[in-house]
Amino acid sequence: MTRAPALALAVLLAGCATSSVTLLQGEGNNPVGAVAVIDPKTGEDVQIIDKAGSAVSVNGRQAVVRSVDPAAAEKANADLLAGLPEPPKRFVLYFPTGSDDITPESIPERDRMLAEVKRRGTGVSVQIEGHTDRVGGTARNRELSLERANAARDMLVKLGLNTDITRTVGRGEYAPVPGHATEEGVADPINRRVEVVVR
């Protein structure tokens, strides 16, 4: 049986105590996930819930699924939700062909990213992922993608970003934007980018 990748939680049917799990609504476009109630003797799924606003109560060997009001579920789990980290935010900076200087159109996005890092305060981390299109050879594109990531990091550090919270990686031409995979040698400005992930 297929389970959503966002959350896989197994609830075992064991013991006398009653257990209860509520599946909350996912944030943004994130999938909700699934909860599987598994029989500890057979390892088989007894019950799957994969819809937001569903709850399962386990009592002995019986699993009962019911609907819950989303607002009531969020209120009942407010302390838990407040303790969760914010989801990562992704910012994209673009580059001219063969260059490691960002385009002028990317400056507002860069500034939004810096503001997000400042807003999050302590504990923030920044991963800077360089990418290329398919112009040039594979080895050169791998190098260029890392050069772009490092150049973006250096630019951000000059603007006040703490280098200790950064990590750079070059992805070369291997992770094109969905819908923008091209043949070798085809220029695509959408793929000449650095993605900055703020966590």
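Every number in this text was worked out from the coordinates using simple rules, so none of it is lab data. Please read these numbers as outputs of a predicted model, since none were measured by experiment. No Cβ is skipped: glycine too gets one built from the backbone with ideal geometry, and neighbour counts run over all protein chains shown.
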Measuring from the lowest to the highest alpha carbon on each principal axis, how far does segment 153-199 reach, largest first, in angstroms? 38, 19, 14
Segment 86-160: Rg to Rh, with Rh as the Kirkwood radius over Cα pairs: 1.00
Any number yet on Rg/Rh for segment 46-140, C-alpha, Kirkwood? 1.22
Calculate, for LEU80 and GLU116, the FRET efficiency according to 1/(1 + (r/R0)^6) with r their C-beta to C-beta distance and R0 25 Å; round to the nearest 0.05. 0.55
Residue span ALA187 to ALA175: 0.36 nm per residue of separation minus Cα-Cα distance leaves a gain in nm of 2.9 nm
What distance in nm lies between label points placed 7 Å from Cα along the C-beta direction at THR163 and VAL68? 4.8
How far apart, in nm, are the 7 Å Cα→Cβ label points at ALA139 and SER125? 3.2
